[in-house]
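Q: One structure, as structure tokens, below. Some questions next.
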Amino acid sequence: MCFKKSIKVIFMQQVKNKSKFFFALLAACAFVLGACNREFEDTPATAALAKPGGSSLGDIVNNDTAYSFFKALVAKAGPLAPALSNTGLELTAFIPNNNSFRAFGVPSVAVVGTNFSQAAAVAITNYAVTPQLLPLEKIPTTFPNLQSPTLLNPTAGTPAFSPFVSLSIFPSKRATAAWVNNIPLVATNIIASNGIVHVPAVLVIPPSATLWSKISTDPDMTYFRAAVIRGDSGQVGTARFDSLLNLPIGPNFTVFVPTNVAFQQILTAQITGALIAQGMSPADAAATATALASTPTVFANPLLARVLTPQTVKGLVVYHILGVRAFSVNLPTTATPVPTLLNSAVPSHPGVVLNASFTGPSVSAATVKGAANATPSNLLINPAPAGTSDQHYLNGVLHKINQVLRPQ
């Protein structure tokens, strides 16, 4: 029997006998999304602050030479200066000091003036300030982390301008450390007459692209991208996950993306097992499975269409997505079950189990475990820009992992 005919016969028998292929566990589920941004959280009322010498945030930036780099950035931006000096406001400013700029690769004030455009200066300075008063003791230690609006309106200057839109920052805290997004705070609770300053270790840069812009172009995410496209078959508009993952405003996701190798490994193993169950020799089954799983087109292969249905594959995709934004530093330090988007369709599902280990203020290891995975999957820790963890986008955070999460 030729190779092509062998594949057809085996999989027609498999469908006829209703063999339980790994991905066929969620067929007939309807997926209802609950992934929009949470409402900005109310923080408990803060007692009136002492006003040392009447110094405003603007006074601190203008007069303390430790912030001369940020002062130059504010001068280039322009629009933020009045807010920092307005004593009628109560703000929290995550202001980088000069060492924070140097840690980011900016060696001097002169470089601030030449290397940052006005648009970049506006974005960075406004993203550093939230109109909520957040002394350190009011930043919670719970998961998920706090979501706070900033003064940065990404629709400003565009035809789609809305005064009610702002990008968010995500402060969080442990017993001995605090962060904004995933950046450690090196100084906290510097009191001004109109707010509080917390100092991040490096510049906090606002996101400028969507999750889908990364998923659709990363050469190590082609299987996950193919799975999203297969799950979207027959859907339109925001019922499509490629559309939701491309919305710059609204959704608030954490996406755990298995590497291509992780997909190849599990697909090969599952297809091999299914073929052996249908009577193929182990050697021939392994060869056939390896060929089928060797490219992302496995999700569109007509021989697998009855088992890799759009609903089934969408179930797998949504199991890799949380409806909240979670940087690695926000993950619990003890193994904790957390719901995924799959829980929108199956409320009783146990979700995934998250766990992180710290060395000082940094995450040294983190895992996410699927309900049917024998072992947890590792987050590939590398939070640098264009790294593999803590990749920050307009509509969420992305972490690469080394296993496909199995929901059942």
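Q: Of all residues in the range 115-164 being assigned to a helix (DSSP H, G or I) and β-branched (V, I, T), which is most open to solvent (accessible area, probe 1.4 Å)?
A: V122
Q: What is the number of the single condition among (1) among the small types (G, A, S); (2) farther than 17 Å from P383 by Cβ; (3) not in a loop (DSSP other than H, G, I, E, B) that S172 does not meet?
A: Failed condition: (2).
Q: Going by what's in this entry, would I60 be described as modelled with pLDDT of 95 or more, more than 31 Å from the chain's Cα centre (by Cα) and crowded, with 20+ Cβ neighbours inside 10 Å?
A: So I60 fits the description; yes.
Q: Going through the range 165-190 one residue at a time, which ones are closer than 21 Å to E90 by Cβ and open to solvent by 40 Å² or more (accessible area, probe 1.4 Å)?
A: Once the filter is applied, which keeps residues that are closer than 21 Å to E90 by Cβ and open to solvent by 40 Å² or more (accessible area, probe 1.4 Å), the range 165-190 yields T188, N189, I190.
Q: Still on this structure, I have one more. Answer with yes or no whether T259 is touching a strand residue (DSSP E or B) at 6+ places or on another chain (Cβ under 8 Å), modelled with pLDDT of 90 or more and β-branched (V, I, T).
A: Yes.
Q: Please go through the range 85-110 and pick out each residue that is in a helix (DSSP H, G or I), more than 26 Å from W179 (Cβ to Cβ) and out of contact with any Asp or Glu (no Cβ under 9 Å at 6 or more places or on another chain).
A: Across the range 85-110, the qualifying residues are V109, A110.
Q: How many residues does the range 192-236 hold that are closer than 20 Å to Y319 by Cβ, in contact with an Asp or Glu (Cβ under 7 Å, 6 or more places away or on another chain) and open to solvent by less than 10 Å² (accessible area, probe 1.4 Å)?
A: 2
Q: Continuing with this model, one more query. Would you point out the residue of the range 292-326, among those that are within 24 Å of the chain's Cα centre (by Cα) and among the polar types (S, T, N, Q), that is most open to solvent (accessible area, probe 1.4 Å)?
A: Filtering first and then ranking leaves Q311.
Q: Also, quick follow-up: Check off (1) modelled with pLDDT under 95; (2) closer than 25 Å to L151 by Cα for Q235 and give me the number that stays unchecked.
A: Of the numbered conditions (1) modelled with pLDDT under 95; (2) closer than 25 Å to L151 by Cα, the odd one out for Q235 is (2).
Q: Looking at the range 32-53, can you tell me whether even one residue there is modelled with pLDDT of 90 or more, buried (at least 16 other Cβ atoms within 10 Å of the Cβ) and either touching a Lys or Arg at 6+ places or on another chain (Cβ under 6 Å) or of a type in the set (F, W, Y) (or both)? Outline the logic, then answer.
A: Our first condition is that a residue be modelled with pLDDT of 90 or more; within the range 32-53, this holds for none.
No: zero hits.
Q: Pairs only if they're at least six apart or on different chains, beta carbon under 6 angstrom, first in the range 394-407 and open to solvent by 10 Å² or more (accessible area, probe 1.4 Å), second among the aliphatic types (A, V, I, L, M); list them, first residue then second.
A: So the pair list comes out as K400/V257; K400/L380; N402/A262; Q403/A262; R406/A372.
Q: Still on this model: For the range 311-320, state whether one or more residues are assigned to a loop (DSSP other than H, G, I, E, B), closer than 14 Å to Q408 by Cα and in contact with a helix residue (DSSP H, G or I) (Cβ under 6 Å, 6 or more places away or on another chain).
A: Among the residues of the range 311-320, at least one is assigned to a loop (DSSP other than H, G, I, E, B), closer than 14 Å to Q408 by Cα and in contact with a helix residue (DSSP H, G or I) (Cβ under 6 Å, 6 or more places away or on another chain), which makes the answer yes.
Q: Another question, then. When the range 52-83 is examined, which residues are found to be outside any helix (DSSP H, G or I), touching a residue at least 60 places away in the same chain (Cβ under 8 Å) and either of a type in the set (D, E) or within 17 Å of L152 (Cβ to Cβ) (or both)?
A: L80
Q: Of the numbered conditions (1) without any contact (Cβ under 8 Å) to a residue 40 or more places away in the chain; (2) more than 21 Å from A72 (Cα to Cα); (3) of a type in the set (A, V, I, L, M, F, W, C), A110 satisfies every one except a single condition; which is it?
A: (2)
Q: Taking into account only those residues within the range 266-291 that are farther than 16 Å from R406 by Cα and under 33 Å from the mean Cα position of the chain (by Cα), which is most open to solvent (accessible area, probe 1.4 Å)?
A: Ranking the qualifying residues of the range 266-291, first place goes to T290.
Q: Pairs, please: C-beta under 6 Å, at least 6 apart or cross-chain, first residue within 14 Å of T268 (Cβ to Cβ) and in the range 287-307, second aromatic (F, W, Y)?
A: Note: pairs meeting the criteria are P296/Y223.
The values are calculated or read from the model by the stated rules, or taken from the named source; none is laboratory data. Nothing here was measured: the structure is a model prediction, and the numbers come from that model. Methodologically, a virtual Cβ is constructed for each residue, glycine included, from the backbone with ideal geometry; neighbour enumeration extends over all protein chains shown. Side chains included, ligands, DNA and RNA excluded: accessible areas come from the protein's heavy atoms. Shrake-Rupley method; radii C 1.70, N 1.55, O 1.52, S 1.80 Å.
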